[in-house]
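The values are calculated or read from the model by the stated rules, or taken from the named source; none is laboratory data. Fair warning: this is a prediction, and the values are worked out from it, not measured in the lab. In this analysis, Cβ positions are derived from the backbone assuming ideal geometry, glycine residues included, and neighbour counts consider all displayed protein chains.
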Amino acid sequence: MTRASLNRTLRHAYFWLGFVLVLSLASKFADRIPGIAGTAIETAAADLYEYLKDMTLVFVTVVAAYLANVFQKRSKFVESLEEEWRGIVRTKSALYTYCEKPYVSTDDYLAAFGRISETIDNMRIVYANAGETESLVGLYPYAPLHDMRRALQSLDPRKRPDIPPEDKKLACEAILQSFFALRETMLEELDLDEPTHPLLISGGRRLKEPGATWRARSRQERQRKRQDQLTATKPEVDAFLAQLYAAEQTSPGPGSNGTSPPRV
């Protein structure tokens, strides 16, 4: 179930839920509406209100089950779409690798072509063709996948044993352009949000300083004293580990700010 289908279904559900609530409210106060009090309409409204009150539990249960089914379909659709996108990413990597190889064989080409063919066909479990009817095939929903296939077919070693490097480069650029077009449109369906704490600078590094709270240090020291009171089963191992730990504390390590090794 796409996002548009989900929103449309929810709008219909909210409309009918609101309609029933308004109808129930009108039936409840029908005896206070001028022109209706004391008439047959008031009697019918009272009976309707009693019926709605008796059917409240059934109504709520049906609505809850319906919405649960709707959200379950949406969840399965999103899972299928995510898996399809992972397949597209793997396919892009396989085609890019094929284009970058200086020498390719027929087996390399067939493996890459099999990958793009599977990706194209797997789209059928996510989307139907655009404009598809009982008598019309419709249009493939994401044409750039076929562009990627056609670009790969232009590098078929069985038809072109000696492919110039510039042709490989052109096909590679066409594959990447098609992939970027897919990424820009296909992922819109996933309702992706910006990260709360993005790291947007090149060469970003850890901002926290080495060290820990006094509470953690005190707990560490208590554990050390308690362990030192026990008889060591392999003192040479303990001495070796202590030596390594001491050396690490006094020398900078990779990923640190140049003053101490990285610790978490």
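Can you go through LEU207, LEU187, LEU192 and tell me which one is closer than 30 Å to LEU145 by Cα, part of a loop (DSSP other than H, G, I, E, B), aliphatic (A, V, I, L, M) and out of contact with any strand residue (DSSP E or B) (no Cβ under 6 Å at 6 or more places or on another chain)?
From the options LEU207, LEU187, LEU192, the qualifying one is LEU192.
How many residues does segment 86-108 hold that are aromatic (Phe, Trp, Tyr) and crowded, with 18+ Cβ neighbours inside 10 Å?
Residues in segment 86-108 being aromatic (Phe, Trp, Tyr) and crowded, with 18+ Cβ neighbours inside 10 Å: 1 in total.
Is it fair to say LEU207 is hydrophobic (A, V, I, L, M, F, W, C) and at pLDDT below 90? First the steps, then the outcome.
Values: hydrophobic (A, V, I, L, M, F, W, C): yes; at pLDDT below 90: yes.
So LEU207 fits the description; yes.
Looking only at segment 1-17, how many residues end up being part of a helix (DSSP H, G or I), aliphatic (A, V, I, L, M) and either farther than 17 Å from VAL78 by Cβ or within 19 Å of the chain's Cα centre (by Cα) (or both)?
4
Scan segment 181-195 and tell me whether some residue there is surrounded by 10 or more Cβ atoms within 10 Å (Cβ to Cβ), over 30 Å from MET123 (Cα atoms) and either at pLDDT 90 or above or in contact with a Ser or Thr (Cβ under 8 Å, 6 or more places away or on another chain) (or both).
no
If I go through segment 218-232 residue by residue, how many of them are under 14 Å from TYR245 (Cβ atoms) and either basic (Lys, Arg) or in contact with a helix residue (DSSP H, G or I) (Cβ under 7 Å, 6 or more places away or on another chain) (or both)?
The total comes to 1.
Give me the pairs: first residue in segment 17-28 and within 12 Å of ASP47 (Cα to Cα), second residue among the hydrophobic types (A, V, I, L, M, F, W, C) and surrounded by 15 or more Cβ atoms within 10 Å (Cβ to Cβ), beta-carbon distance under 6 Å, and six or more apart or on different chains, which are they?
SER24/LEU52; SER27/ALA45; SER27/LEU48
Looking only at segment 18-30, which residues are surrounded by 14 or more Cβ atoms within 10 Å (Cβ to Cβ) and either touching a Cys at 6+ places or on another chain (Cβ under 7 Å) or of a type outside the set (Ser, Thr, Tyr) (or both)?
Within segment 18-30, VAL20, LEU23, ALA26, LYS28, ALA30 meet the criteria.
All but one of (1) of a type in the set (D, E, K, R); (2) within 19 Å of SER178 (Cα to Cα); (3) modelled with pLDDT of 95 or more hold for GLU100, so report the exception by its number.
(3)
Quick check, is ARG183 within 14 Å of ARG90 (Cα to Cα) and among the basic types (Lys, Arg)?
Working: within 14 Å of ARG90 (Cα to Cα): yes; among the basic types (Lys, Arg): yes.
In short, yes.
Which pairs have Cβ atoms under 9 Å, sit 6 or more apart or on different chains, and link a residue in segment 165-190 that is without any contact (Cβ under 8 Å) to a residue 60 or more places away in the chain and outside the structural domain of THR2 (by TED's automatic domain parsing) to one that is part of a helix (DSSP H, G or I) and of a type in the set (Phe, Trp, Tyr)?
These pairs meet every condition: ARG183/TRP85.
Can you tell me which residue is nearest to the chain's Cα centre (by Cα) among those in segment 145-163 that are surrounded by 13 or more Cβ atoms within 10 Å (Cβ to Cβ) and farther than 12 Å from LEU95 by Cβ?
Among them, the one singled out is HIS146.
Since GLU166 meets every condition but one in (1) within 33 Å of the chain's Cα centre (by Cα); (2) assigned to a helix (DSSP H, G or I); (3) not hydrophobic (A, V, I, L, M, F, W, C), which condition does it not meet?
(1)
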